[in-house]
Every structure is written in structure tokens, then in C-alpha cells.
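Chemist: Dropping a structure here in C-alpha cells format, bear with me for questions.
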Amino acid sequence: MKPLGLFTKIFISTFSIFSILVISLHLAIYLLFPTTYLNKEQENLVDQATAIAQSLEGKQPETIAQVLALYSETSEIKGNIKERATKNNIEILSKLPINKKRQTTSLVIEERTIHDQDGQTLTLQFIISMDLQKSAQDLSLRYLPYTLVTSFLISLLIAYLYARMIVAPILEIKQMTNHMMKLDPTAQLTVDSQDEIGQLKEQINRLYHHLLTAISDISQKNTAILKLERMKIEFLRGASHELKTPLASLHILLENMLYKVGRYKDRDRYLAQANQIVEQLSGHVGQILTLSSVQDLQEKKERISLAESIENLILEYHLLIKDKKIKIHNQVHQLEAMLNPSILNLILSNLISNAIKHSKNGSSIYICQQGSWLTIENTADNHELERLINVFSTDTTIPNKGSGLGLFIIKSLLEHEKLPYHLKTTEDKIVFWINFDNSKNK
């Protein structure tokens, strides 16, 4: 059996209550009407008896009798002159409109004393006969069915309107929550009252907006996590490629030294080369660990002065600069970036160290600012130019031949932070461009 809906329940309950009230009211009218009707007729008899007695005061006895006889013929109230009677007897008319077959007939008698023209005292008797039950039934059957039907129709209308008024907001909430279940961003309940229903709608709206915000935050974080995971996978692929070559060289070198093959009998000499390879591998591992810690802190961004960061890095590479007799011209003054300090330091340190290592001895390095662009210009040989093209070229047909882990880290970080960059090369010079303008809006 299908359960009743809320509208049906409220409608039936409300209509039942109104029906009970209507039936009780009409039953009370039906039961109380005879008494009320009798009292009303008694009051009417009293008023008319008084009025007639006052109008017959001082008239001739014949005139009085004629008036009473005429009044009795034209009215339900019967009047006559009462004859003298004993103390304990009441004389009434012999002919009264009484139905002897019914036991519900009532007589109402009123007497008034007047004086005729001769000054004699006369007693006027006014009598009305009423069948209260029959009168009540007739009147009830005349009006009560109409009032009963009208009352039921009004009850139906009120019950319908009341049930609709109660259920309509609930149906609206149900329909709108169906849209909310589909995560429709435009779904919102209309708050048109300040009562409990209006407060409930407002609370549902706030809850839904909070849910959408939470889902949006989770979606953004999931997107960032997926992007970070892709970056880590790409980085590990590049890192593994860069680590394979020195590891293979170290393995061959140690194996030849172990079996004293040819020139590798001179172990002291090749131990130094093996140590250099180990140092190179240690540097790669250090860069991998540094990048890993940077990725964990990537959301902690702040506004950083590039001029100050570059000056600190120049001081850090002071010995290498002095050894190669290189001159660095730092012309950056007001350029700023909104980045994680570790990420910015890793990008700049790799770029500047790479420029110093591969510049010709006695050459110059120019670090300049052009608008929001940072440029680093240095000299390089053909081998270094080829390495840079392999790493930063957008042409996927150019193979990556182990172009250096540091350069791969720079590319990964720049793409992850959405910093525009490009590379310009001439016969013996390289100019690297980075735009830090987008970082201000992150």
C-alpha cells in the first residue's frame, strides 16, 4: 500500500477537524433551537399582549370583545375576555388549535387587566399554541441542509488552501534540492518570509554554498596535486636519464680498474676521475632533494626583490667568478616576484651558475631588467648552445641527449609556476628571458 503524501495527510486532518466542528455546531443548533424559539415566542406574546391591552384601555366591553375576536381570527395569538373564576382555576378558550395526536404541543398564556368605559375591571387572556419540535424540525430542514453543505464546501476549500500553503514550501525545497544534488551552481531557494520556513530555506542556501565552496577547493587541490604528480613523474624521468650516464661511466671505470685493464692500471689517476663522477652524482641527488622540499612548500609565496636575490647569489659564486675572471653586470633594481623563496632561489641559482660555468674565461655576464622581463646574457660554446636548445626548445622532434639536470629543473619550475620564458642564441652568446609579471597575480 502506497503511503499517503504530506498534502493528503494535512488535507484529511484539516477537513476532519472542520467537519467535526460543523456537525457539532449544527447539532447544537438543532438541540437548542426549541428552547430559544419558545423564549422568543413568549417575548413576542408579552409584547403584543401589552400593546393590545393598552389600546383597549377605557373602551366599551362590546368593542373590546369585537377587537379580540377579530385579532384572534387574523393571528396565531388567541385573545378573549376572561370570565370570573375561582382562585385555583384558570379559564381558557374552549377552541384552540391544538393537535392532540402530538405530545410536544406547548401553550403560552399571558393575562392583562384593564378597565372598560364604565370603570369595571376586565381580565384579558392571550394564548398561543406551539408545537416546538415540529417548528424546530421545519425550520431546521429549511435552513440547516444549506448551511451544512455550505459549511462543508468552505471546510474543503480551507483545508485545501491550508494544506497547499503548508506543503508548497516543502515541495519547493524538495525540487530545488534535486537540482542541488546535481551540483547546479545556480540552484538557490527563494526566501520570501522570515518565519521558520524562510529560516530553513536560508540555512539550506548557506549550507549548499558552503558545500560548493568546499567541493571547489577540493577540486582545485586535486588538480594541483595531479599537476604536481605529473611534474614529479616528468622530473624523475629526466633525473633518471641524467643519472644513468655518470653511473654507467662510474661502473665501467671501476670495473676496468678492478680487472686492471690497459691504462686503468693507474688506479690513483682514475680514482680521481671516479671521485669527480661521485661528486657529480651527489650534486644531482642534492638538486633532487632540494626540488622535493620546494614542491612541499610551493604554496608559501611572498613578494621578493630579484635585485637582492641576485646580489646574494653573485656573492655565493664569488670564488668561481674570480677563478674564471668573469665580470657580472647586475642591472636589476626594482623587479619583484611573487613566488616561494626556495623556488625563486633554485631558478636563479641554476641559471646564474650555468651561465658562469659555461662562459668563456674573461668574458662578461649581463643580468638586466626590461619591463617585467629578466634577461641573463652570457657567452657559450657550441656544445652549451646545443644543450640549451635540447632542454628549452618546444620542438618535440629534437631529442634530449642528457642536457643537464639543473637545466631540466629550471624548465620544470618555470612551467609549473606558469612563468613565460624563451631563449635567444647567436654564434657565441645566449640570452635567457623570464617574465615575472604573471607571478604577481598568483
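Chemist: Can you pull out every residue in segment 140-172 that is open to solvent by less than 50 Å² (accessible area, probe 1.4 Å), farther than 17 Å from residue 16 by Cα and of a type in the set (Ser, Thr, Tyr)?
Modeler: Correct list: 140 only.
Chemist: Under 9 Å by Cβ, and 6 or more places apart or on different chains, what pairs join a residue from segment 177-201 that is farther than 16 Å from residue 216 by Cα with one that is in a loop (DSSP other than H, G, I, E, B) and of a type in the set (Ser, Thr, Tyr)?
Modeler: Within 9 Å, the pairs are 179/186; 199/193; 201/190; 201/193.
Chemist: Just give me the residues in segment 109-160 being of a type in the set (S, T, N, Q), outside any helix (DSSP H, G or I) and at pLDDT 80 or above, in sequence order. So that I can check it myself, show each step before the final result.
Modeler: Kept after step one, since they are of a type in the set (S, T, N, Q), are these residues of segment 109-160: 113, 117, 120-121, 123, 125, 129, 133, 135, 137, 140, 147, 150-151, 155.
In the following step, the residues that additionally are outside any helix (DSSP H, G or I) were identified as 113, 117, 120-121, 123, 125, 129.
Passing the criteria: 113, 117, 120, 121, 123, 125.
Chemist: Which one of 72, 106 is small (Gly, Ala, Ser), at pLDDT 80 or above and closer than 18 Å to residue 42 by Cα?
Modeler: 72
Chemist: Quickly run through segment 303-318 and pick out the residues that are in a helix (DSSP H, G or I) and over 48 Å from the mean Cα position of the chain (by Cα).
Modeler: 307, 308, 310, 311, 312, 313, 314, 315, 316, 318
Chemist: Search segment 354-377 for residues being among the polar types (S, T, N, Q) and under 16 Å from residue 322 (Cα atoms), and hand back the single one that is surrounded by the most Cβ atoms within 10 Å (Cβ to Cβ). Give the derivation first.
Modeler: Initially, segment 354-377 is screened for residues among the polar types (S, T, N, Q), giving 354, 359, 361, 363-364, 369-370, 372, 375.
Add one more test, that the residue is under 16 Å from residue 322 (Cα atoms), and what stays is 354, 359, 361, 363-364.
Details: 354: 22, 359: 24, 361: 9, 363: 16, 364: 13.
Among residues in segment 354-377 that are among the polar types (S, T, N, Q) and under 16 Å from residue 322 (Cα atoms), the one surrounded by the most Cβ atoms within 10 Å (Cβ to Cβ) is 359.
Chemist: Output the residue which, of all residues in segment 1-51 that are farther than 30 Å from residue 122 by Cα and among the charged types (D, E, K, R), is modelled with the highest pLDDT. First the steps, then the outcome.
Modeler: Kept after step one, since they are farther than 30 Å from residue 122 by Cα, are these residues of segment 1-51: 1-37.
Then drop every residue that is not among the charged types (D, E, K, R), which leaves 2, 9.
Working: 2: 61, 9: 76.
This residue is 9.
Chemist: Further, regarding this structure: Within segment 193-217, count every residue that is surrounded by 10 or more Cβ atoms within 10 Å (Cβ to Cβ) and either in a loop (DSSP other than H, G, I, E, B) or at positive phi (or both).
Modeler: Selection size over segment 193-217: 1.
The values are calculated or read from the model by the stated rules, or taken from the named source; none is laboratory data. Everything numeric in this text was worked out from a predicted model, so none of it was measured. Methodologically, a virtual Cβ is constructed for each residue, glycine included, from the backbone with ideal geometry; neighbour enumeration extends over all protein chains shown. What goes into the accessible areas is simple: the full protein's heavy atoms, side chains included, and nothing from ligands, DNA or RNA. Shrake-Rupley method; radii C 1.70, N 1.55, O 1.52, S 1.80 Å.
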